[in-house]
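Quick notes on the structure that follows.
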Amino acid sequence: MTFLWPQLLWLLLALPLLVAAYIWLLRRKKKLALRYASLSIVKEALGPGRGLRRHVPPVLFLLSLAAMLLAAARPYAVVTLPMTQETIMLAMDVSGSMRATDVQPNRLVAAQNAAKAFLAQLPRQIRVGIVAFAGSAQVVQVPTINREDLVSAIDRFQLQRGTAIGNGIVMSLATIFPDAGIDLNSMGSERERARGIAIDQAPKESPKEFVPVAPGSYGSAAIILLTDGQRTTGVDSLEAARLAADRGVRVYTVGIGTVDGETIGFEGWSMRVRLDEETLKRIATTTQAEYFYAGSAESLKKVYEKLSARLTVEKKETEISALLALVAAVLAITSAGLSLLWFNRIL
């Protein structure tokens, strides 16, 4: 726990003085009582439990003062709170390599099933949008709270050639910030986006100028990127990650498949597809998010369960002055109530 105004903690030194004053008053009252009655009569009047009970209201009041002084110092603590995110973008790989069967029944079907389970666990008020990317990226479902529309969009996925991971991130950002001037056209030509270009010819042009913010600071949206391969075309993946980081959007990355890869055939050609874990980890680190590895259908479902938990609650350093003030008020009211109930007076 840290304090914004720690200098006010010096006021806590007044509490021992109050305790000393209370003890002095008790001894003074005891001396006055013994002047007018014998000690046995005083004890008999008090009863067996009243002697200890009379200390309860002052102790509660003392604790109330301590809580109020701590609240005045404006403490901060790491607490678990509901997320403020209103939009989640699912950027899902639909490249030809997703037909690989190292994740049963194949990578695409496993990803679709896990994504549907993820949607079922999210709170209904969170909007979800879906971007599908292969050699290009398209918004297949604008952000909505309608889970049926989202499931239908996932079921309509069609495999294509190419893997433009960066395009998937940029398209997701453009959907989150529709008025921010994020335009994939400015990062590559239509032909490049539609048919793909060589990696060393990827566009380097930056989108519209804006004032960057701290990575991970935007709490109203997040991107979940699921892919099984390496980028082969489109916007550089790390350039897209920096674009997301500058806008404060976290990009949680999920790698599906095996690191060693698998050789697959598609439309008369074959290729070996490998999971580029290093790039996915760097994307997550750049945007202050996390990377998850899903090597099987079951582990992929568990990944989405973890993501659901992370995106509905978060641990955050928050000022808890109001909580301590509430505790102080409850203690003070309890102290006064018990004093009236037991002794017909307040303290």
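Summary of computed values
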quantity	calculated
Flag if VAL273 is buried (at least 16 other Cβ atoms within 10 Å of the Cβ), under 18 Å from ALA100 (Cβ atoms) and at pLDDT below 70	yes
Residue count, the stretch 175-187 (criterion: among the polar types (S, T, N, Q) and surrounded by 23 or more Cβ atoms within 10 Å (Cβ to Cβ))	0
Neighbours by Cβ (under 6 Å, 6+ apart or cross-chain): first from the stretch 138-153, under 26 Å from GLY234 (Cβ atoms); second small (Gly, Ala, Ser) and part of a helix (DSSP H, G or I)	VAL140/ALA153; GLN141/ALA153
Tabulated pairs, the stretch 165-185, first within 22 Å of ARG282 (Cα to Cα), second among the aromatic types (Phe, Trp, Tyr), C-beta under 6 angstrom, 6+ apart or interchain	ASN167/PHE133; GLY168/PHE133
Filter result (aromatic (Phe, Trp, Tyr) and either at pLDDT below 75 or not assigned by TED's automatic domain parsing to the domain that holds ALA71 (or both)) within the stretch 6-53	TYR36
Residue count for the stretch 119-152, restricted to those that are of a type outside the set (Lys, Arg), in a helix (DSSP H, G or I), surrounded by fewer than 23 Cβ atoms within 10 Å (Cβ to Cβ) and within 27 Å of the chain's Cα centre (by Cα)	6
Residue within the stretch 304-316 that is modelled with pLDDT of 65 or more and more than 26 Å from ALA117 (Cβ to Cβ) present	yes
Those residues of the stretch 90-118 which are under 27 Å from the mean Cα position of the chain (by Cα), of a type outside the set (A, V, I, L, M) and not in a helix (DSSP H, G or I), in sequence order	ASP93
Subset of the stretch 160-174 [more than 23 Å from the chain's Cα centre (by Cα) and either surrounded by fewer than 24 Cβ atoms within 10 Å (Cβ to Cβ) or under 16 Å from VAL142 (Cα atoms) (or both)]	GLN160, ARG161, GLY162
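The values are calculated or read from the model by the stated rules, or taken from the named source; none is laboratory data. Note that the structure is a prediction, hence the values are computed from the model and not measured. Glycine also receives a Cβ, built like all others from the backbone with ideal geometry; neighbour counts cover every protein chain displayed.
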